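Read the structure below first, then the notes.
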Amino acid sequence: MRGPLLRPGDADYEQACQLYNAMIHKRPAMVARCADVADVIASVNFAREQGLALAVRGGGHSGAGLGLVDDGLVIDLSHLRDVRVDPEARTVRVAGGCVWGDVDHATHAFGLAVPSGIISTTGVGGLTLGGGTGHLTRRFGLTIDNLLAVDVVLADGRLVTASAERHTDLFWAVRGGGGNFGVVTSFLFRAHPVGIVVGGPTLWPLDRAAEVMRWYREFLPAAPEDLNGFFAFMTVPPAPPFPESLHLQKMCGVVWCYTGAPARADALFAPVKALKPALHGVQPMPYPMLQAAFDGLYPPGLQWYWRADFVRELSDEAIARHVEFAERLPTMHSTMHLYPVDGAAHRVGPHDTAFRFRDARWSQVMVGVDPSPERAADITAWAKDYWDAVHPYSAGGAYVNFMMDEGQDRVRATYGDNYARLLAVKNRYDPTNLFSVNQNIQPDPVPPPHVAH
């Protein structure tokens, strides 16, 4: 290897085992910090030949801690951080260890952006392979809808390029199927003209939450697609830019991102202001500024517990249950978000990519978060109870990037009638399930070799 191979006792080993979610602790036998694709190939071959459990780590943001594995080998891509923008073709080639802040920095210089999430420290690989919802979803679709090609190291050690022209079955599967099929060392994305956006939060007191949610469920789907807004329950952080009068209040709100003509912004936000919010913190800003707005609130090393579902409609009954649990937000960092999955995302068919829930309107996630391990049980119980209460009103499956280790039934529910096709691709490219540390598509058992008598 060109990159370092870290083992217990080595100087950088402990740092390499730290995950974004500090609730999860794993002790790999080795962490291979790959310097290039050749290192990735060597690592995959070694894990296969030695029968080692194998995990792949990009940004390390996985809520379920799927970037590490106990007693096995971790392929750590964090040294693969190159981003190359072609401003004429409006394409971006991104190495597998990049985080979205790397991409935003590189593309913004050319007035471009790739649709991604809402936190710039999130890994490009994990977010993309699960689907990718965020500030630009309604305007430009999911992250996978803007993916043109991937370079993948397969379980047998081969490097292949998958695209609409080559290895088309694999290209279909990686767009939503997670890390089941190999190690993606490079992504090629389509970028879009996005420079200055009009964005930020609008907040209302929690006692108006039901009213605001009923308004939001009607307003946003009917709004122009260049307006995105995710709904949230939150406790206002005791820091700027929030006024002191709101600090530590439980509130509801919408975080907006408008990519249209700035001259239209006032008219577009007029109905929002008409609801008389306690704070309307919407203003022009560079897109990377909005992308990084929550980085300080959610640094690596907090305790996290996620539960999620896709949602087709927000009924009055569901809203009532949401409000109950909003009033019981257990910690300042804990939250619930509803991310829009409509607009451009609806113009891709449910079977065109592995991402199945194209008919959903929102991706819903409730997250218990706190810095202290002593609160881990409280935030986990709140998230589980909240999910139990609102799951009956959901579409049944969850966004894989918002799932913990919830079992095979949940994985199958998430992919629905795309699961059989995913299984066929898994059987072809990873029949022994070398890539199993993920929301796993379990291949069919490999038959024993035939022995002639």
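The values are calculated or read from the model by the stated rules, or taken from the named source; none is laboratory data. Owing to the predicted nature of the structure, the values given are computational and were not obtained by experimental measurement. In this analysis, Cβ positions are derived from the backbone assuming ideal geometry, glycine residues included, and neighbour counts consider all displayed protein chains. These accessible areas exclude ligands, DNA and RNA; they are computed on the full protein's heavy atoms, side chains included. Shrake-Rupley method; radii C 1.70, N 1.55, O 1.52, S 1.80 Å.
Restricting the count to DSSP beta bridges whose residues both fall in the chain, what percent are antiparallel, rounded to a multiple of 5?
DSSP beta bridges in the chain are roughly 90 percent antiparallel.
Size of the dipole of the stretch 349-431 about the Cα centre, Lys and Arg at +1 and Asp and Glu at -1 on the beta carbon, nothing else charged, in debye to 20? Show your work: numbers first, answer last.
On the way: 10 positive and 12 negative charges, 95 e Å.
Approximately 460 debye in magnitude.
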*Rounded to the nearest 0.05, what FRET efficiency do E317 and E49 have when you use their Cβ-Cβ distance and R0 = 56 Å?*
0.50
*Where does each of 376-388, 61-73, 186-198 land if you order them by average Cβ count within 10 Å, highest first?*
61-73, 186-198, 376-388
*Take the Cα coordinates of the stretch 1-42, assign each an equal point scatterer, and use the Debye formula without solvent to give log10 I(q)/I(0) at q = 0.13, 0.18, 0.19 Å⁻¹.*
-0.31, -0.55, -0.60
*Given charges at beta-carbon only (K, R positive; D, E negative), |dipole| of the stretch 1-159 in Debye*: 260
*Taking θ as phi - 60°, what are the ³J(HN,Hα) couplings along the stretch 237-242 by the Karplus curve (6.51, -1.76, 1.60), each to the nearest whole Hz, with x for Gly and Pro?*
x, x, 7, x, x, 7
_Solvent exposure of the stretch 306-453 as accessible area per residue, Å², 1.4 Å probe_ = 43
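Rolling a 1.4 Å sphere over the protein heavy atoms, what is the accessible area per residue of the stretch 120-206, to the nearest Å²? Could you put the intermediate results ahead of the total?
Working: 2020 Å² over 87 residues.
Per-residue value: 23 Å².
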*Which of rounded, prolate, oblate describes the stretch 26-182, given a ≥ b ≥ c as roots of the alpha-carbon gyration tensor eigenvalues and a/c under 1.5 marking rounded, otherwise prolate only if a/b is larger than b/c?*
prolate
*Using a ≥ b ≥ c from the Cα gyration tensor of the stretch 262-367 (square roots of the eigenvalues), is it rounded, prolate or oblate, where a/c under 1.5 gives rounded and otherwise the larger of a/b and b/c decides, a/b for prolate?*
rounded
*Of all chymotrypsin sites (Phe, Trp or Tyr not before Pro) in the stretch 84-143, which ones are in loop regions per DSSP and have a Cβ with at most 16 other Cβ atoms within 10 Å?*
F110
_Taking the Cα centroid of the stretch 160-186 and of the stretch 366-380, what is the distance between the two, rounded to the nearest whole Å?_
35
*If you find the alpha carbon centre of the stretch 276-335 and of the stretch 384-440, how far apart are they in angstrom?*
24
*What does the charge add up to near A381, with Lys and Arg as +1, Asp and Glu as -1, over the other residues with Cβ less than 14 Å from its Cβ?*
-1
*asked:* Could you give the length gained by full extension between E14 and A210, i.e. 0.36 nm per residue of separation minus their alpha carbon distance, to one decimal place?
replied: 66.0 nm
*Charge dipole (debye, nearest 20) of the stretch 311-403; +1 at Cβ of Lys and Arg, -1 at Cβ of Asp and Glu*: 360
*Is the shape of the stretch 339-438 rounded, prolate or oblate, going by the alpha carbon gyration tensor and its root eigenvalues a ≥ b ≥ c, with a/c under 1.5 for rounded and a/b larger than b/c for prolate?*
oblate
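Could you tally up the Lys pairs in the chain with alpha carbons closer than 30 Å? Skip any pair fewer than 8 positions apart unless they're on separate chains.
Values: K26/K384; K26/K426; K250/K273; K250/K276; K250/K384.
Lysine pairs meeting the criterion: 5.
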*Once the Cβ-Cβ distance between R2 and K273 is put in as r, and R0 is 51 Å, what FRET efficiency do you end up with, to the nearest 0.05?*
0.35
*Report ³J(HN,Hα) in whole Hz for each residue of the stretch 23-30, in order, from the Karplus equation J = 6.51 cos²θ - 1.76 cosθ + 1.60 where θ = phi - 60°; Gly and Pro get x.*
6, 10, 10, 9, 10, x, 6, 8
*So how far, in whole Å, is the C-alpha centre of the stretch 201-253 from the one of the stretch 5-49?*
40
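With all protein chains present, how much of the accessible area of the chain (probe radius 1.4 Å) comes from carbon and sulfur, to the nearest whole percent? Intermediate results must be reported in sequence, preceding the final value.
Numbers: 9410 of 17740 Å².
Summing carbon and sulfur atoms, their accessible area is 53 percent of the total for the chain.
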*Bins of 10 Å from zero: percent of alpha-carbon pairs in the chain*: 4, 21, 32, 26, 12, 3, 1, 0, 0
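Which percent, nearest 5, of DSSP beta bridges in the stretch 265-417 are antiparallel?
Details: 15 of 15 bridges.
If I count the DSSP bridges inside the stretch 265-417, around 100 percent turn out antiparallel.
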